[in-house]
Structures are given as structure tokens and as C-alpha cells.
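The values are calculated or read from the model by the stated rules, or taken from the named source; none is laboratory data. Quick caveat, the model's predicted, so the values are computed rather than measured. Every residue, glycine among them, receives a Cβ derived from its backbone with ideal geometry; neighbour counts consider all protein chains shown.
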Amino acid sequence: MNDHLLIVDDDPSLRELLGDYLGRNGFRVSSIADGRGLWAALERESVDLIILDLMLPGDDGLVLCRNLRARSRIPIIMLTARGDDTDRIVGLEMGADDYLPKPFNPRELLARIKGVLRRAHDPVGNPGEAKRFHFAGWTLEVATRQLIAPDRVLIPLGASEYRLLRIFLEHPQRVWNRDQLLDLTQGREAMPFDRSIDMQVSRLRRRLRDDPREAALIKTIRNEGYLLTVPVHPEY
Amino acid sequence: MRLLPQSLLGRLTLFLTGGLIIAQLFSAAILLQDRDQALYHAIGGHVAQRIAAIVKLLDTLDEIERRQLAAALDLPPTRLSLDLPWSDESMTDERYQTTLFRTLLRRQLGSDRLFQVEITGDLPSPPQANRPPWVTPDTPAPRHYETGRPPHWRMHAMMLGLRNFVVQVRLIDGATVTFQQVLPEEVIAWPARLLLILLVLLLSVLVLAALAVRALTHPLSVLADAAAELGRDIRRPPLAETGPLEVQQAAQAFNTMQERLIRYLEDRNRILAAVSHDLKTPITRLRLRTELLDDSPLQEKFQADLDEMQRMVQTSLDFLRSGEDSEPMARVDLNALLDCLREEAEDAGQEVRIDGVVHQPLRCRLLALKRCLTNLVSNALTYGQDVEITVADRPDRLTLTVRDHGPGIPNAELERVFEPFYRLESSRNRDTGGSGLGLSIARNIAHAHGGELILRNHPTGGLEAVLELPR
């Protein structure tokens, strides 16, 4: 059975084009212009995902998003023409599952819809992406890829440092060997005597102010790999 | 060589004191001349009276009585002698003092009396045969009359006129009586009190003028500072509208100008924002329409055009937002930020070297500062490969220098490239895909942090972008 998407946007031709495009890609699509028709539409038939424009006449997308979250767990993807980082963060805070700034690439929207639906259909009841992780006084902000130290200093992470830390944070207290880490961070196998993971770990330790000789956060397990030793509290 | 002082304070002080001194000199000269004439009237009249009385008395006496009287009356400052021969006037003395004194004497002595007057300010000291006998080397001459008197004496005599009267009168029996009257020193002396008054006046006017000029020029320098600051920070606090009326008006005009400039910039930004923002929905629609096209080469061309349009819209909005402070300030580990930049360059297959470390976290807006540095680094990588970032961390400020080894840019263009949408010819031709906003955005961010961003050509080649941030 096709998933049913509901588009809430005040631009009629965009609604039509979006409906056309998503329809071609195998979705059942209905659309409304603003928040007034939203509740009626939800009662009429079941909706699997809502594509919600941020700027709407009457109640704006943020208000609708908050009200929706108070009632149901229907996945929401926010669209906005604003698109600075604060909007994105506020949107995610209001309970949207994903966020896409206009003008977006339609294929990217398609990918996001599929991703959000996959998580929603997960029988394990995956709560979705964590917004941030707390560990040992540190916080990793997912949206901005920033690390906040216990003394509130902001530390921006490079892409590889971020990916590596995510792996440790999502699976704390598990030993990872170099091959696994290399595969997960760079999608390739380790060459003989490949030290690049060791360099990345040492960089990450420096960011976390972890002394490599007496590592408190990321420990080296001789002949096995690395281990994040502290408990992690994800926040959704 | 410039004789005029450069500052307004210096010039005004110079003009005021110069003018004052010249005016003082003129008025002193006039005053002294007046005083001189008044003295002659007073003292000259008195002397003429005295001479006339003595002459009338001598007329009635015989030779022996005359000598006794002459001896009794021969006392400074009036000397008289009966022994000197009549000496003819060598030339007619038409000086004011002489004429005046001659008139006074004629009035006292009667019109038929024969007399002659000689007035000198400059008593010659070599003794001469026809000189009065008391002016000889063996009689003590009055003070200051010695040869080799100080040079100021000449000016003294010139300014104060003549003080030495020699009068010869024929008595009724044909004898000659010679008077010499030396005006007392204190009458002729430099009018010290007058000079003191003038000096006090000059000094107090000088001090007052300096104060007044300073009070006048201070608002000017405040205005100049404000105008210079306006270039960096259009939203600087307005000038205080206080002080004298003209200063208040200037401050008001300045503040009004600032308000208008802000309004103008806001209008401009609003228009650019509105246009950019409103373009987003049509671009989104076009993207969807493109996806619905069946012709895939055409689809790709459409998409490339749309990508370019989207990038232009996005950088315009970034530029407009770059001066805002929507992001909160936080202490940031800049070493980590620099490492991020290096890693991003590495991922694109390019090399950035970092020289030096930041010692302390810096209070800043992380995303904005990252955008600023990213723009500088990507410019450097585009125009001159092999980029290095030098860190100089001082207690009061942090300096980050991004240097490339490219061709640099002409010195005349170093400032212009910061103007929005300004692009160098070489940049246009090379189709490097720049928006013409990268440096404007970077500088706006630097200014929003209270810092400064400049470009300069390195002496050994290549371009340097110097970002200074206050701590």
C-alpha cells in the first residue's frame, strides 16, 4: 500500500507540482493550503507523513508543528524559505523530524521522505535521530556538529571527527577495531599498517582534552581497538 | 618647509597671539608718543617758566651778584653758567620737541629776547671747546652718558625722545647765560608699569584664547572621529547634541545623516532580501518542473542554471545576514575551527598549512566566523594554491593571516574588492564562479565582531588577508 503524504503549503502551483512529482514517485498525495484544513484532513483519512511549510497564513508552521506533536507522532518534514541555522534548530526543537530549506532539490526531498518513513515504520520503535548526546559533562549538538565542553567552550568538529564520535556515542562501551571504524567512517578497508584511524582518534582525543597516555574517555584496548568508557545519554 | 602649524588649534592660537602682539605694539607706540608729548608740555612749560624767571632776575643784578646767584642755582637737574660763549645754532632744529619748547620759551621771555635752544637725546661725550664746562671728563657726567653705554640706550632715546635741553639766552647787557636741563630719569624711564600691564593682558588673552580655541576645536575632532567610525559601524551611538548652538546643529545634522544612511541601507537590504527571498519559491517550482521533464540533457542544463541561481540567492541572503548577530556569542576553540578548515580543504584535495596556535578560547559567533574564514581560505585556494594560515595570539587581540602564493591583486583594487558584487576583471574572465560577495560577507562578519579585515600584497608575492579580532 502506498504511503499517504499530506502537503501543507499556501502556494497552489507548488502544491500541484509537488503532488505531481511525489505521485510519480509512488506516493499518494493530498494537499491543503493552510492550518485550518489540517485537522479535518487528518480525521478524514490516515496520513503517513506531513510536509509542512513554515510560512503559512494564520497559524505558522512552527505552531502547527507543536500542536501536531501534542496529539500524534505523525512524521513531519518542514519546508522553509528562510533557511538560516537558527530556524533549522527551532524547527527541529518544535518536533519536526526533518527540515529542508527552499529552494530544495526534489530528489533530496524524496530521499528525506523515505528516510523519515523508514524510521517511522521501524518495528523496534526507533525514536529517530537524537538531537544531542550528553556524556561525562560534554554535549554533542547534532544539528550544528558542535561539541560543548564542560566549561561551555564551543568546539566545532570536522566531518571525520564528527563521524567517529557519533559511532562511539551511538554504541558506548563497545570495543571497535580499526577495520570497523575505517569502514564506518570512510567506507573502506584498512590497508596494512594503516594508521589513519589512530590519527583520527588522537585528534578526537585532543578535542575532548583526553590525555592519550591516561585516556579517560576513549581508551585504547591493546590489540583490539578503541572504547568509549563513559555512559551516554541521547536526547531526542 | 611649512611655517603654518597643521592643527586648527595651532593656527588659531598663532593668529590670535600674532595679531594681539602686533596690536599691542602699535598701541604701545601710540601711547608712548602721547605720553612723550604730554611730558614735554608739562615739564617743558615748567622749565621755560623757571628759565624766564632766572633770566629776569639776572637782568637786574650786577656781575658779582649774578655769579653768586648762578653758583647758588647751579644744581642738578638745572645747571647754569655765565662763562660759555654764544654758540650759533649749527642748523635749524625743526623737531617737534624743539619747536614746542621754543614757543614756550618765547611766550615766557617775550618776543624781542634773543635765545637759542638745542635739545639732544644723545649727549656726545668728547669734550669740545664750546661745551658747558660741567660736561668734561673731570666732572662726573650724568649716569648712562658714558661712552660704550648699552645698546638698548639708543632705542631708549629714540622711543622716549630727547631729554637734554641746552638753552642760551642773551641778557639785557649782552652777556650770555647757558642753561642745561636734564629731565629726571624716572620721567623718561621705560614705563615699566605700562609694560607690565600689557604683558599681563597678553598672557591672559593668550590663555583664554587657547582655552576658547580648544573648546571650539574639540567638537570638530569629535565630529571627525564620529565620521571615521561611521565608516566601520553605521549603527554607532548618535552624537550628544550638547554644547554651543553651532556645535549642537552640527551634531544634529550628523545624527540625521546617520539615520538617513541607516534607513537607506535598510531599504536597500530589504529590497535585496525580498527579491532573493521571493525567488526561492519560483526556483523550487522550476526544480520540480525540471524533474517532470522527460528530456534528460535538457533537464541537466536546467538544473545547472537553477543551481547557479540558487547559489546567487543564497549568497545574497548570507551577505545580508552577515552583519546581523542572530547567533549567540560563545567561547570557541579556534584551533578546532582551523583544523576543520584544513580538513575541508584536504577533502577537496587541497592543502592548507596552519602556523601557530590560539592559546585561549575566543568569544565569537562560531558559524559566522567559520563562514568568514571559509570565504578567505576558498578565495586563497582559488587564486593561489598553497595556502597558509598564520596565528598570532596576543592578550588584546587575535590576528589570523590567510596567505596564498598567487598573483595578488593591484594595490588600487585592495579596498574595492570588498564592495558587494565587485569583481576583478581577471575573476570575471576566469569564470571562477565567485558571487562577488565572499569578501563583503567576510568583512561584515569581522566588523560584527568588532574586528577588521584587510587585504594586502605580500612583499615576496601572493595575497594576504589579515583578520584581526579583539579579545
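Residues to consider are B:His218, B:His277; find the one that is within 14 Å of another protein chain (Cβ to nearest Cβ) and assigned to a helix (DSSP H, G or I).
Every option except B:His277 fails the conditions.
Can you tell me which of A:Gln146, A:Gln200 is in contact with a strand residue (DSSP E or B) (Cβ under 7 Å, 6 or more places away or on another chain), within 14 Å of chain B (Cβ to nearest Cβ) and not hydrophobic (A, V, I, L, M, F, W, C)?
A:Gln146
Just to be sure, is A:Ala136 away from chain B (no Cβ under 13 Å), on the phi > 0 side of the Ramachandran plot, touching a residue at least 60 places away in the same chain (Cβ under 8 Å) and under 23 Å from the mean Cα position of the chain (by Cα)?
Yes, satisfied.
State all residues of segment B:292-310 that are of a type in the set (S, T, N, Q) and more than 9 Å from chain A (Cβ to nearest Cβ); if no residue qualifies, say none.
B:Ser296, B:Gln299
Of the residues B:Arg67, B:Arg2, B:Arg35, B:Arg79, which is at pLDDT 80 or above and either in a loop (DSSP other than H, G, I, E, B) or basic (Lys, Arg) (or both)?
B:Arg67
Touching a helix residue (DSSP H, G or I) at 6+ places or on another chain (Cβ under 6 Å), within 24 Å of B:Leu334 (Cα to Cα) and touching a residue at least 60 places away in the same chain (Cβ under 8 Å) - does that describe any residue in segment B:406-424?
Looking for residues that are touching a helix residue (DSSP H, G or I) at 6+ places or on another chain (Cβ under 6 Å), within 24 Å of B:Leu334 (Cα to Cα) and touching a residue at least 60 places away in the same chain (Cβ under 8 Å), one finds none in segment B:406-424, hence no.
Residues of segment A:17-58 being closer than 24 Å to B:Thr290 by Cβ and either among the aromatic types (Phe, Trp, Tyr) or free of Cβ contacts under 8 Å to residues at least 12 places away in the same chain (or both), which ones?
A:Leu17, A:Asp20, A:Tyr21, A:Gly23, A:Arg24, A:Phe27
Among the helices (runs of 4 or more DSSP H) contained in segment A:1-108, which hold 1 or more residues that are touching a Ser or Thr at 6+ places or on another chain (Cβ under 6 Å)?
A:12-24, A:85-93
Just name the residue that is modelled with the lowest pLDDT out of those in segment B:311-333 that are part of a helix (DSSP H, G or I) and more than 9 Å from every other protein chain (Cβ to nearest Cβ).
The qualifying residue modelled with the lowest pLDDT is B:Ser322.
Report whether or not B:Ala28 is farther than 30 Å from B:Leu198 by Cα, assigned to a helix (DSSP H, G or I) and touching a residue at least 24 places away in the same chain (Cβ under 8 Å).
Criteria not met by B:Ala28.
I'm trying to understand the selection: among the residues of segment B:341-358, which are of a type in the set (Lys, Arg) and within 19 Å of A:Ile155 (Cβ to Cβ)?
B:Arg342
Starting from residues that are surrounded by 17 or more Cβ atoms within 10 Å (Cβ to Cβ) and at pLDDT 80 or above, keep the ones in segment B:85-110 and report whichever is farthest from B:Lys56 (Cα to Cα).
Of everything passing the filter in segment B:85-110, B:Arg102 is farthest from B:Lys56 (Cα to Cα).
Given the conditions (1) of a type outside the set (S, T, N, Q); (2) away from chain B (no Cβ under 14 Å); (3) within 30 Å of B:Lys370 (Cβ to Cβ); (4) touching a helix residue (DSSP H, G or I) at 6+ places or on another chain (Cβ under 9 Å), and given that A:Arg107 satisfies all but one, which numbered condition is not satisfied?
Of the numbered conditions (1) of a type outside the set (S, T, N, Q); (2) away from chain B (no Cβ under 14 Å); (3) within 30 Å of B:Lys370 (Cβ to Cβ); (4) touching a helix residue (DSSP H, G or I) at 6+ places or on another chain (Cβ under 9 Å), the odd one out for A:Arg107 is (2).
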